[in-house]
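These notes concern the structure reproduced below.
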Amino acid sequence: MNEEKRLNVTMADSIVLILVIIAEIVLCARSGVNLEIPLFLTWFIVWVFCKVRKVDWGTVEGFLLDGVRAGFQSVMIVAAVGLLIGTWILCGCIPTMIYYGLEVISPKIFLPATLLLCSIMSTMTGTSYGSAASAGLACMGIGISMGFPAGIVAGAVISGALFGDKMSPFSDTTNLAPAMAGGTLFGHIKSMCYTTIPAWLICMVIFGVVGIQYSNGSYDASTVQEYLGGLSANFNITLLNLLPIVLVIVMLLIKVPALPTIMCGAIIGGITAMISQHSSILDILKVMKTGYSIDSGILLVDKLLNRGGISSMYNIIMIMIFAMGLGNALDKMGVLKNLLGGLTKKINSTFKLVGVTMLVAYISSAIGTTQSMSHVVTGKVMAPIYKEKGVSPDVLSRTMEDSGTLGGCLMPWHTNSIYFCGALGVAYAEYIPWVLLTYIVPIIALIYAATGFAIWYVDPVTGEKIPKEKAPINQKK
């Protein structure tokens, strides 16, 4: 707080700075410039702002670098995922999952099965990134070979991955949200069940209907047979190839941190490649660097399997670094608080309280470009208001996840969106209509807020549960 006061960034300063940053990013994006360039230039804009407004640049530079340091674990995880994807394709792990999936899964149930598989995977492991890069990538190959558009498959993968990221007690967002809201972990998870499970069931029905339509229309069994032939001709398909993914799941279940788990998965993938595919150490090191390369003569096989390697993640890594630094600087300078504080005025109903919370979460997520930034800022801004109004912190933490955790993939510049596009090999415009969970959950949350269902109230002083009519927010003025 002392640092924010010393910097003396006013509301007018905040508005001007944000408008200039947005204008610069939009102008560069419309010119076709890769996103990492305009994001890096925002650091220059912040420096110019500091010079013009006589703000201590040394302090602000520290904020920028602190943001990078705080989020560098995520950067390293993305780099490790690049290694993992390369070695898992080389060793036949991904091709084997695709091969068996094509033989077992019917097109009519493929989309619901994808949603279910990715939901289970992410719930068990607590990571949407890991489930998308492993089971999700395999599902992309299965779905594309069956004739499903890549965007629809990616929508099912992302919806399932985010379900677990939101609901798993092992997830960082599931733990961070109640901590910032002042609630408890299991109270938070219980609260989320009211919005997330009904939304997930609706997704299951919609994907089921869509899957039936595609299987009755464009499904071509000869394409699947050609795909199976291409995989078996280029890889030794055996259950041994699945050893890396089994290892990763076990390590995550026994709570080994994500970064060493993914790196171990990549290394085991390399060892498996030596045994199963007779690859050399040089082959393994090459795919870790530049990814797997294949020219099978079958377009679908080549499109899916030509990927991976740490070099494929360079753009994603740069975007994450520049975005995390910018988000932290805007937070510590007081810019976010200035811009979002006005939204909290004149809240006189639970519906407005939840609605404003969602707006704060979406805006802070859009500016900070990470889920954690959204939760930290939203918790700081909204927790005192929920306490004053007598609304349970479990409602706040649930709302933070309903919008902050799920909303990242809706923004093309957000680290979540960039990661999913890179890991799944799909364009933002292709998947955005199909991330159904991210649309349905907030709608259900607003319906609950309007009707009072699954809304709990607490005494502002003692924190004990109280009847609805005794909550300050429901008192007539």
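Taking H as built 1.01 Å from N, whose amide H comes closer than 5 Å to the amide H of Val458, not counting residues under 5 places away?
Excluding prolines and chain starts, which carry no amide H, the hits are Val391, Ser392, Ile466.
Which number do you get for Rg(Cα) / (2.2 N^0.38 Å) in the stretch 398-462? Each step should come with its number before you reach the end.
Numbers: Rg = 15.7 Å, N = 65, 2.2 N^0.38 = 10.7 Å.
Normalised Cα radius of gyration, the stretch 398-462: 1.46.
Counting Lys and Arg as +1 and Asp and Glu as -1, each charge on the Cβ, what is the dipole of the stretch 9-73 about the Cα centre in debye, to the nearest 20? Spell out each step's value before the answer.
On the way: 5 positive and 6 negative charges, 25 e Å.
Dipole about the Cα centre, nearest 20: 120 debye.
With unit charges on the beta carbon (Lys/Arg positive, Asp/Glu negative), name the residue among Ile466, Pro38, Val48 whose Cα is farthest towards the positive pole of the charge dipole of the chain.
Projecting each Cα onto the dipole axis, the largest value belongs to Ile466.
Sorted by accessible area with a 1.4 angstrom probe, largest first, how do Thr123, Thr272 fall? Working shown, then result.
Details: Thr123 45, Thr272 5 Å².
Reading off the accessible areas and sorting them downward yields Thr123, Thr272.
How large is ³J(HN,Hα), in whole Hz, for each residue of the stretch 317-331 in order, when computed from phi with the Karplus curve 6.51 cos²θ - 1.76 cosθ + 1.60 and θ = phi - 60°, using x for Gly and Pro?
Working through the residues one at a time gives 4, 5, 4, 4, 4, 5, 5, 5, x, 4, x, 5, 4, 5, 5 Hz.
How much FRET efficiency would the formula 1/(1 + (r/R0)^6) give for Glu103 and Glu24, where r is the Cβ-Cβ distance and R0 is 56 Å, rounded to 0.05? Show your work: numbers first, answer last.
Numbers: r = 51 Å, r/R0 = 0.91.
According to the calculation, E is roughly 0.65.
What dipole magnitude, in Debye to the nearest 20, does the chain give about its Cα centre under +1 on Lys/Arg Cβ and -1 on Asp/Glu Cβ? Before the final figure, lay out the partial values.
On the way: 29 positive and 25 negative charges, 299 e Å.
Roughly 1440 debye for the chain.
If I model the chain as equal point scatterers sitting on the Cα atoms and use the Debye formula, what is log10 I(q)/I(0) at q = 0.07 Å⁻¹?
Log10 of I(q)/I(0), two decimals: -0.39.
Among Tyr194, Ala181, Met400, flag the residue with its Cα farthest along the positive direction of the charge dipole of the chain, charges on Cβ as +1 for Lys/Arg and -1 for Asp/Glu.
Positive-most Cα among the choices belongs to Ala181.
Which residues' amide hydrogens lie under 5 Å from the amide hydrogen of Ser296, considering only partners 5 or more residues apart or on another chain, with H built in the peptide plane?
Hits under the 5 Å cutoff: Asp302.
Kindly express, to the nearest 10 degrees and within the range 0 to 90, the angle between helix 150-167's C-alpha long axis and the longest C-alpha principal axis of the chain.
50
Put +1 on the Cβ of every Lys and Arg and -1 on every Asp and Glu Cβ in the stretch 1-109; which of Ala80, Cys28, Gly101 then has its Cα farthest towards the positive end of the dipole?
Highest projection toward the positive end goes to Cys28.
If Lys and Arg each add +1 and Asp and Glu each add -1, what is the summed charge of the other residues whose beta carbon sits under 13 Å from the beta carbon of Val20? Can you show the working numbers first?
Working: positive: Arg53; negative: Asp13, Glu24.
For residues surrounding Val20, the net value is -1.
Give me the angle, in degrees from 0 to 90, between the Cα long axis of helix 436-451 and the longest principal axis of the Cα atoms of the chain, rounded to the nearest 10.
Approximately 30 degrees, to the nearest ten.
Going by accessible area, probe 1.4 Å, with all protein chains left in place, what is the ranking of Ile109, Ile25, largest first?
Numbers: Ile109 95, Ile25 40 Å².
Result, largest first: Ile109, Ile25.
Can you give the angle from 0 to 90° between the axis of helix 11-30 and the longest principal axis of the chain, with both taken from C-alpha atoms, to the nearest 10?
Taking the Cα atoms of the chain, the angle to 11-30 is about 20 degrees.
What does the charge dipole of the stretch 300-410 about its Cα centre add up to, to the nearest 20 debye, if the Cβ of each Lys and Arg holds +1 and the Cβ of each Asp and Glu holds -1? Provide the component values of the computation, followed by the final result.
On the way: 11 positive and 6 negative charges, 67 e Å.
For the stretch 300-410, the charge dipole is close to 320 debye.
Which order do Asp295, Asp394, Asp402 take by accessible area at a 1.4 Å probe, largest first? Walk me through the numbers before you get to the answer.
Values: Asp295 140, Asp394 35, Asp402 0 Å².
Of Asp295, Asp394, Asp402, the descending order of accessible area is Asp295, Asp394, Asp402.
Please turn the phi angles of the stretch 35-41 into ³J(HN,Hα) values with the Karplus equation 6.51 cos²θ - 1.76 cosθ + 1.60 (θ = phi - 60°), one per residue in order, whole Hz, x for glycine and proline.
Those phi angles translate into 5, 5, 5, x, 5, 5, 5 Hz.
Take the cross-link list Lys332/Lys465; Lys255/Lys337; Lys166/Lys352 and give me the ones stretching past 32 Å between alpha-carbons.
Numbers: Lys332/Lys465 34 Å; Lys255/Lys337 35 Å; Lys166/Lys352 23 Å.
Those over the limit are Lys332/Lys465; Lys255/Lys337.
The values are calculated or read from the model by the stated rules, or taken from the named source; none is laboratory data. Every value quoted in this text rests on a predicted model; they were computed, and no experiment measured them. Note that we place each Cβ from the backbone using ideal geometry, even for glycine, and neighbour counts take in every protein chain shown. Side chains are part of the model used for accessible areas, which takes the heavy atoms of the whole protein and leaves out ligands, DNA and RNA. Shrake-Rupley method; radii C 1.70, N 1.55, O 1.52, S 1.80 Å.
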